[in-house]
1. Quick one: count up the residues across the range 23-55 that are of a type in the set (Ser, Thr, Tyr) and assigned to a helix (DSSP H, G or I).
2. Give me the pairs, please: first residue somewhere in the range 17-43 and among the hydroxyl-bearing types (Ser, Thr, Tyr), second residue anywhere and exposed (fewer than 14 other Cβ atoms within 10 Å of the Cβ), beta-carbon distance under 7 Å, and either six or more positions apart or on two chains.
3. Aliphatic (A, V, I, L, M), at pLDDT 85 or above and assigned to a helix (DSSP H, G or I) - does that describe any residue in the range 56-68?
4. Can you tell me which residue is surrounded by the most Cβ atoms within 10 Å (Cβ to Cβ) among those in the range 53-70 that are among the aliphatic types (A, V, I, L, M) and touching a strand residue (DSSP E or B) at 6+ places or on another chain (Cβ under 6 Å)?
5. Inspect the range 5-22 for any residue being modelled with pLDDT of 85 or more, hydroxyl-bearing (Ser, Thr, Tyr) and part of a loop (DSSP other than H, G, I, E, B) and give the result as yes or no.
6. Kindly provide the set of residues from the range 37-85 that are closer than 19 Å to residue 19 by Cβ, among the small types (Gly, Ala, Ser) and in contact with an Asp or Glu (Cβ under 9 Å, 6 or more places away or on another chain), ordered by number.
7. Of (1) farther than 19 Å from residue 14 by Cβ; (2) touching a residue at least 24 places away in the same chain (Cβ under 8 Å); (3) within 12 Å of the chain's Cα centre (by Cα), residue 70 satisfies all except one. Which?
Amino acid sequence: MGLMKLFARSAPPLTRLPNGCFTLDRTGRVLVGTMPSSFPVAVVREIGRHVLDTFREAQAVQLPLAELVVHYGSLKIVARELRGGAIVFLSPKSPISTAK
């Protein structure tokens, strides 16, 4: 019966994919954002940390990187460097194209 309890755990709740943006200062602190309140703040901080790390690493190897575009599953992340900080745009990718 102990093995059955392992599989009986409930799955974590699903969160809706965000559509919004946020800005970060050079220390990684979120200054302003239009993210929905239902989207976890920890995920916003984690995305911001990775974005800032990427811009810093590019600067360390003297690679001129002003914009970063990431297609992650059904989420599109666009980040622009702002003098040490960044602005990050998150939007869901729609599987259905509205263009005709």
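The values are calculated or read from the model by the stated rules, or taken from the named source; none is laboratory data. Keep in mind it's a predicted model, so treat the numbers as computed, not measured. No Cβ is skipped: glycine too gets one built from the backbone with ideal geometry, and neighbour counts run over all protein chains shown.
1. Pass one, the range 23-55, residues of a type in the set (Ser, Thr, Tyr): 23, 27, 34, 37-38, 54.
Next cut, assigned to a helix (DSSP H, G or I) only: 54.
Qualifying residue count, the range 23-55: 1.
2. Sorted first by the residue in the range 17-43, then by its partner, the pairs are 23/31; 23/32; 38/15; 38/16.
3. Step one: list which residues in the range 56-68 are aliphatic (A, V, I, L, M), which gives 58, 60-61, 63, 65-66, 68.
So of that shortlist, the ones also at pLDDT 85 or above come out as 58, 60-61, 63, 65-66, 68.
Okay, now just the ones that are also assigned to a helix (DSSP H, G or I), so 58, 60.
Taking every residue of the range 56-68 in turn, at least one turns out to be aliphatic (A, V, I, L, M), at pLDDT 85 or above and assigned to a helix (DSSP H, G or I).
4. Of all residues in the range 53-70, those among the aliphatic types (A, V, I, L, M) come to 58, 60-61, 63, 65-66, 68-70.
Filter once more, so that each one left must be touching a strand residue (DSSP E or B) at 6+ places or on another chain (Cβ under 6 Å): 66, 68-70.
Details: 66: 10, 68: 17, 69: 10, 70: 15.
Top of the filtered list is 68.
5. So the first thing to find is which residues in the range 5-22 are modelled with pLDDT of 85 or more, and the list is 19-22.
Still in the list and also hydroxyl-bearing (Ser, Thr, Tyr): none.
There is no residue in the range 5-22 that is modelled with pLDDT of 85 or more, hydroxyl-bearing (Ser, Thr, Tyr) and part of a loop (DSSP other than H, G, I, E, B).
6. 79
7. Evaluating residue 70 over (1) farther than 19 Å from residue 14 by Cβ; (2) touching a residue at least 24 places away in the same chain (Cβ under 8 Å); (3) within 12 Å of the chain's Cα centre (by Cα) leaves (2) as the failure.
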